[in-house]
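The values are calculated or read from the model by the stated rules, or taken from the named source; none is laboratory data. Since the structure is predicted, the reported quantities are computational estimates derived from the model, not experimental observations. So basically every Cβ, Gly included, is an ideal-geometry build from the backbone, and we count neighbours across all protein chains shown. For the accessible areas, the whole protein counts, side chains as well, though only heavy atoms, and no ligand, DNA or RNA atoms are used. Shrake-Rupley method; radii C 1.70, N 1.55, O 1.52, S 1.80 Å.
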Amino acid sequence: MNVFLWIVQAVLAAMFAMAGIMKSTQPKDQLVDKLPWAADFSPATVRFIGIVEFAAALGLILPAATGIAPVLTPLAATGLAVTMILAAITHARRRESSAIGFNAVLLALAALIAWGRFGPYSF
């Protein structure tokens, strides 16, 4: 199970790192074409979401891999789970049901990591 959790952590970290870099570096006008929900938020909020996602991606891997404050890994997963709940609420408000399904999958994976790393497979 430990290897499985590491694989899930790596996949989620890669996904959120790419999404975070995209949201924090590209202008809002370019993002709205790819992410229609970005039109509802200020450029600063979209950039903040990107920075949070990138920081959480780092938090999924680095603390556990280095052994420095490994409790940050399940905390990062918990933060991503909360982020996915908020994203699902935003997509529900915009009636984007396909995006809610994607958020639910990411939420489940983040919750799995949080459960495993806080519980029976902690570092």
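In table form, for the structure just shown:
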read-out	value
The chain - convex hull of the alpha-carbon atoms, volume per residue in Å³	91 Å³
Cα-based helix-to-principal-axis angle, 2-25 vs the chain, degrees rounded to 10	30 degrees
Value of [θ]222 nm, deg cm²/dmol, for the chain, DSSP H segments ≥ 4, -39500 (n - 2.57) each, nearest 500	-27500 deg cm²/dmol
With all protein chains modelled, accessible area of residue 6 [1.4 Å, Å²]	80 Å²
Simple Cβ-charge dipole of region 29-123, Lys/Arg +1 and Asp/Glu -1, about Cα centre, in debye nearest 20	160 debye
Cα-based radius of gyration of region 60-123 once divided by 2.2 N^0.38 Å, which approximates compact folds	1.27
15 Å tail of the calculated P(r), region 26-85, as % of Cα pairs	55 percent
Under the Karplus curve 6.51 cos²θ - 1.76 cosθ + 1.60, θ = phi - 60°, whole-Hz ³J(HN,Hα) for region 56-73, x wherever Gly or Pro sits	5, 4, 5, x, 6, 10, 4, x, 6, 5, 8, x, 9, 6, x, 5, 5, 5
